[in-house]
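The values are calculated or read from the model by the stated rules, or taken from the named source; none is laboratory data. The structure presented is a predicted model; accordingly, all values stated were derived computationally and were not measured. Here the Cβ positions follow ideal geometry from the backbone for every residue, glycine too, while neighbour counts run over all protein chains shown. Accessible surface is based on the protein model in full, side chains and every heavy atom, while ligands, DNA and RNA are left aside. Shrake-Rupley method; radii C 1.70, N 1.55, O 1.52, S 1.80 Å.
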Amino acid sequence: MEQRHLGRTGLRVSRIGLGTLTWGRSAEGPDESGAAEQLKTFWEAGGTLVDTADVYGGGEAEYLLGQLVGGLVPRQDLVIATKSGSVRDPDRRFDGSRGHLLSALDDSLARLGTDYVDLWQVHAFDPGTPLEETLQALDLAVSSGRARYAGVSNFSGWQLAKAATWQLAAPGVRTRLASTQMEYSLLQRGVEREVLPAALDLGVGLLPSSPLGRGVLTGKYRDGTPADSRGASPTMAGFVDPYLDDTACGIVDAVATAAQGLAVTPLQVALAWIRDRPGVVAPIVGARTSAQLSEALSVEPLTLPEEICRALDDVSAPVHRYPDHEWSTL
């Protein structure tokens, strides 16, 4: 698999990443043997970037990954990325304080069974903590060797620009932001308004999450909701529902038409489109089974013709209202 530099750093990662959002969730995700099969399939295909977070499965995703690394796949062959900052507090969804973040990182390292993570990301912006305090936690993590590189996740355009600029203001002292992880797909192109231009200008690599539109772009929901899909799950249906409206259906139909013309699958078309967008380093793909993951990994040799890209760009073009909506409502 082709490797790409993560932002303006020396770190190289596979241009498809493996996501573990549903690992450790007995109903929606793979069990230990399924996770092992996914990780082995990913590694054998040349994949290196594995993305997780301390809240995925209540910490079980990190623990499960830690159980597999070393014995199944050599640690040095993987770029392990995790996230900290989300908290289970009804009054405070995110905690970006230095104390919480560094404590959370230590807990992540223990679950992962490793002395360091290759990429440590702040899971979301915390308006209740001064940004410079949050960013100092990244600096301390890197300077102490607990993280090799640092990034952010779910930061809006101005938040990303402020954070990246603050870090660049003291080169050699503060850690350059390597990446930002944001939802981005043919069904969700909001990052193109402010986040992506900021990332491109400041040398921050974009790691798209949900690159298949929460599974909708595979076409599996065109004729209803499959019983074994996330859309049929009581805990995940609300995650899928926003992308089952008429606008999304039109985009999915266009993807299916393109796939038919190219003799490939809708999944491959949608994933190739996002993978090769300007500023994108590696879409993070989550799968329920190793067979689903194998289909995603089969996109490696596919490059969409320019006319197909233009047609998909046109049919999925976002409407940017003034002023922009809050990210969580898009």
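Summary table
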{"item": "Ratio of Rg to Rh over region 83-136 (Cα coordinates, Kirkwood Rh, two decimals)", "result": "0.98"}
{"item": "Degrees separating the helix 246-262 axis from the principal Cα axis of the chain, which is the longest one", "result": "70"}
{"item": "Whole-percent pair-distance distribution, where bins are 10 Å wide, for the alpha carbons of the chain", "result": "6, 27, 36, 25, 6, 0"}
{"item": "Normalised alpha carbon radius of gyration of region 3-42 [divisor 2.2 N^0.38 Å]", "result": "1.51"}
{"item": "Listed residues A317, L200, S210: farthest to the positive end of the dipole of region 198-330 (Cβ charges)", "result": "S210"}
{"item": "Descending semi-axes in whole angstrom, ellipsoid equivalent of region 237-293, from the Cα gyration tensor", "result": "18, 17, 14"}
{"item": "Portion, in percent, of the accessible area of the chain that falls on carbon or sulfur, probe 1.4 Å", "result": "50"}
{"item": "Spherically averaged projected area in nm², based on the convex hull that wraps the Cα atoms of region 197-244", "result": "4.4"}
{"item": "Gyration tensor over alpha-carbon atoms, region 1-110, equivalent ellipsoid semi-axes in Å", "result": "24, 19, 12"}
{"item": "P(r), alpha carbons of region 115-242 - 10 Å bins starting at zero, rounded %", "result": "12, 36, 26, 18, 7, 0"}
{"item": "Antiparallel DSSP beta bridges within region 1-158, as percent of all bridges there, nearest 5", "result": "20"}
{"item": "Per residue, the convex hull volume that the Cα atoms of region 55-196 enclose (Å³)", "result": "128"}
{"item": "Of all DSSP beta bridges in the chain, antiparallel share, percent nearest 5", "result": "15"}
{"item": "Compactness of region 193-273 - radius of gyration and Dmax, Cα, Å", "result": "14.7, 44"}
